[in-house]
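Participant: The structure's right below; bear with me while I get my questions together.
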Amino acid sequence: SKSLSDEENLKLFGKCNNPNGHGHNYKGKEIISLLIGIDPVSGMVINLTDLKEYMQEAIMKPLDHKNLDKDVPYFAEVVSTTENVAVFIWENLKKLLPTGILYKVKVYETDQNIVVYKGEETIPE
C-alpha cells in the first residue's frame with residue numbers, strides 16, 4: 001500500500017509484501033453466480049455466448065497475464081489484494097450484465113484462500 005511505510009507494509013502483508021512485485025495465478029472455477037430465473041422463451045438463464053463475452057471483457061481482457069499493480073489502472077491507487085480483485089471483477093461485470101442478476105463473485109487465490117464478494121448490499125448465502 002502506497003499509504004503505508006515499508007515497515008507497516010511488511011507487518012500487514014508479510015510474505016506478500018515484495019518491492020519487486022508479488023504474483024498469483026488466480027483460479028476461475030465458479031467465479032460468478034447469477035440470480036435469475038429461466039427465460040420461458042429461450043429456456044436459458046442467460047445466453048452462454050453472451051456470458052462468455054461479458055466475462056472475457058470484464059475479467060480476462062483487463063486481468064489475464066497482467067501485473068495488476070503496473071498494467072491495470074484500477075490498481076494504481078487500490079491495493080491489489082484478492083478482496084479488491086473480487087470487487088474489480090464485480091464492478092466490471094455489473095456494467096455488462098443485465099441489471100440485478102449478478103449474485104456473487106468468487107476468487108480463488110489458492111485452494112485455501114478464497115474471497116466471495118456480493119456487492120455492497122450482501123445477500124445471505
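Participant: How do 5-13, 96-104 rank on mean C-beta neighbours within 10 Å, highest first? Don't jump to the answer; show the numbers that get you there.
Facilitator: Working: 5-13: 12.1, 96-104: 14.6.
Descending packing order for the listed peptides: 96-104, 5-13.
Participant: What nm distance separates the two modelled labels at Lys66 and Lys11, each placed 7 Å from Cα along Cα→Cβ?
Facilitator: Taking the simple label geometry, Lys66 and Lys11 are separated by 3.3 nm.
Participant: Still on this structure, please answer the following. In whole Å, what is the distance between the alpha-carbon centres of region 49-65 and region 76-108?
Facilitator: Result: 12 Å between the Cα centres.
Since every read-out is calculated from the coordinates, none of them should be taken as a lab result. Since the model is a prediction, treat every value here as computed from it, not as a measurement. Neighbour counts are summed over all protein chains in view; Cβ atoms, including those assigned to glycine, are modelled from backbone coordinates with ideal geometry.
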